[in-house]
Each structure stands twice: as C-alpha cells, then as structure tokens.
Amino acid sequence: MADTVLYEVSDGLATITLNRPEAMNALNIATKTALREAAESAAGDTAVRAILLTAAGDRAFCVGQDLKEHIGLLAGDRETGTGQTMSTVREHYNPIVRALAGAPKPVVAAVNGVAAGAGFGFALAADYRLVADTAAFNTSFAGVALTADSGISWTLPRVIGPSRAADLLLFPRSISAQDALELGIANRVVPAGELRAEAAKVARALAEGPTVAYAALKEAVAYGLTHSLEETLEKEDELQTRAGRSEDHHIAVQAFVNKEKPKYLGR
C-alpha cells in the first residue's frame, strides 16, 4: 500500500488516513488505489469491528480528484482516443464507496478540513461524521463540468433531501461546518484541536460495541430507504433473528440482569 494512505488495525479498530497533506489529500492514482485496498481490507477483515476514515494535516480532509494529474491524463486521452481517464469512477471510486457504505461494521469519518468532490462523497459513505469547526464541504463537480460520482448522487439526497441536494450540486459552493450540522451532513461539530481525540473516542466505542447488531442496523436502514413498509417489516424480522442469535445479545442480556456493563465480543 502506498504511503499516500496509512492503514493501521488496533484492538478491532481500523484507521485509514489519507496522507497527502501537501496536496490537500487530493486523489491521484496511487492514493485512490491505496484507499480502495485499505477500505476493502477493513470491510472484509472480521477482526475489524469499526473503521475510522481520517486525513493528515489541518487544511483538508480530501479535495477530490488531483486535477494536476488529471489534466495530463486527459491530454493523453485526446492523443489516444481511449477515454481511459474517467474509468477511475469504475475502478476506484465505486469500490471505495461500496466498501465503506457496505461494510458490516460502523464507519466514522473525521472531517478535519475541506471535503470536496469525491472527498465529500467518501465522507457521506460513512455512518457517522465528526467535523472540525474549521472544515467545509463542496460538491465541486459542476464547477469543473462534471456530474456527480463517489456515490454522492445517492447519499446526498438521502441525507439532506433531493431539493437541497440539487441546489448544492447545481450551484457548488463552500458549506461551513455549522451549515453542514444544520443540514444533517455533520453528526457532530467539534473544535478543530479536539477532532482527532473525539473521533478516536467515538470509533473506539463502536469497535467495542455489538458488531452484529451494528451491521444489522446499517442493513436495515439501507433496506428501508428503498422498500415498502411491509417489506421492511419482514427484513426487520430477519435481521432481529440474526442479532438475537449473536453472542453479544446474550452477553448484553446477562449484563443487564447482573447490573454490569457488557463486554462485547463482536460476534
């Protein structure tokens, strides 16, 4: 894995750190490849019970596509007539979003600075977003004559509604941390100097929680968004049966009876 993305697993928590602070964590090919590998590893590793997605530096979480690299690739496309540059959506962005959004464990995004374009999309793919009070969001796509990618056409309308999503996509602009909180993009806004510690605390708590139940909750919410009430009730029955058979459920019930704090195993 390239050093543009750092990956560490400790006591059930996988921490993925975008590590190009000098380029505002822009996504060149090496970074996108490494991020895809890290996200897929964390999602598929049964020893990982929560994922924390964060970034190095203070200015940016991720400003999306590295346009300096992109312009050179576009020039190459014109010469060859292949159009390979835009295959990055299929090869990189889609697998990254699938891994984060579909991970059978909670994903926390610690947004330390600007999250634009695909950076915004990756933050929205997380289940919980802690945002520094100095951070900002921008869809960016229309500003460079592109349409939405990184799942943002699916996630953003579900988070803030289709009308507001259309506004932010058609008229890209900087959205402050406070505005993001009011819109529902941010779950919590914290002082920039406290972000890393708070994010680690939240992610660690989730890594120590009932992983099977968390996975079922993620699946239930995603299912309910696109299915009828009757279908969703059937899905809830299926998922509750699964959660009820988990070791963690039995641990939780016994701890409740004994008036103790449960110590979950994640299974």
Report task. Determine ³J(HN,Hα), in whole Hz, for all residues of the stretch 29-36 in sequence, where each value follows from phi through the Karplus function 6.51 cos²θ - 1.76 cosθ + 1.60 and θ = phi - 60°; x replaces Gly and Pro. Result -> 4, 4, 5, 5, 5, 5, 5, 4
Report summary line: As a percent rounded to 5, the proportion of antiparallel DSSP bridges among beta bridges in the chain is 25
Query raised in the report: Using the alpha-carbon atoms, what tilt in degrees (0 to 90, nearest 10) does helix 211-224 show relative to the longest principal axis of the chain?
Result: 60
Query raised in the report: When only C-alpha pairs under 8 Å and at least 6 residues apart count, what is the relative contact order of the stretch 5-207, in percent?
Result: 21
Query - Cα-only Debye scattering, the stretch 124-220: base-10 log of I(q)/I(0) at q = 0.18, 0.19, 0.23 Å⁻¹ - result: -0.93, -1.00, -1.20
Query raised in the report: Rounded to the nearest 5, what is the percent of antiparallel bridges among the DSSP beta bridges in the stretch 1-56?
Result: 50
Query raised in the report: How far is the Cα center of the stretch 231-258 from the Cα center of the stretch 152-215, in Å?
Result: 27
Query - Scattering profile of the chain at q = 0.08, 0.10, 0.14, 0.17 Å⁻¹ [log10 I(q)/I(0), Debye over alpha-carbon scatterers] - result: -0.34, -0.52, -0.99, -1.35
Query raised in the report: If you build the Cα gyration tensor of the stretch 211-257 and take the root of 5 times each eigenvalue, what three semi-axes come out, in whole angstrom, biggest first?
Result: 24, 10, 7
Query - Order of Val107, Val253, Val189 under a 10 Å beta carbon neighbour criterion, fewest first - result: Val253, Val189, Val107
Query - In order through the stretch 96-107: 3J(HN,Hα) via Karplus (6.51 cos²θ - 1.76 cosθ + 1.60), integer Hz, x for Gly, Pro - result: 5, 5, 4, 5, 6, 5, x, 4, x, 6, x, 10
Query - Amide proton proximity set for Ala55, modelled H, under 5 Å, gap of 5+ - result: Leu18, Asn112
Requested in this report: Please report, in debye to the nearest 20, how large the charge dipole of the stretch 211-257 is about its Cα centre when each Lys and Arg carries +1 at its beta carbon and each Asp and Glu carries -1 there.
Outcome: 200
Query raised in the report: Relative to the Cα centre, what is the charge dipole magnitude of the stretch 5-207, using +1 at the beta carbon of each Lys and Arg, -1 at the beta carbon of each Asp and Glu, and rounding to the nearest 20 debye?
Result: 280
Report summary line: Amide H neighbours of Ala60 at under 5 Å, excluding residues fewer than 5 places away on the same chain, with H built from the backbone geometry, are Val114
Query raised in the report: Of Gln254, Gln240, Gln65, which is the most mobile in a GNM of the chain whose springs link Cα atoms less than 10 angstrom apart?
Result: Gln254
Query - Amide proton proximity set for Asn25, modelled H, under 5 Å, gap of 5+ - result: Arg20
Query raised in the report: lysines near Lys32 by alpha-carbon distance under 18 Å, same-chain residues fewer than 8 away left out - which ones?
Result: Lys68
**Report entry** Karplus (6.51, -1.76, 1.60) ³J(HN,Hα), θ = phi - 60°, over the stretch 132-145, in Hz, Gly and Pro reported as x
**Finding:** 5, 5, 9, 7, 8, 10, 8, 5, 6, 4, 5, x, 10, 6
**Report entry** Neighbour-count ranking [beta-carbon atoms within 10 angstrom, fewest first] of His249, His92
**Finding:** His249, His92
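Every number here is computed from the coordinates shown, using simple stated rules; none is lab data. Predicted, not measured: the structure shown is a model, and the values here were computed from it. A quick note on method: Cβ atoms are made from the backbone with ideal geometry, for glycine too, and the neighbour counts reach across all protein chains shown.
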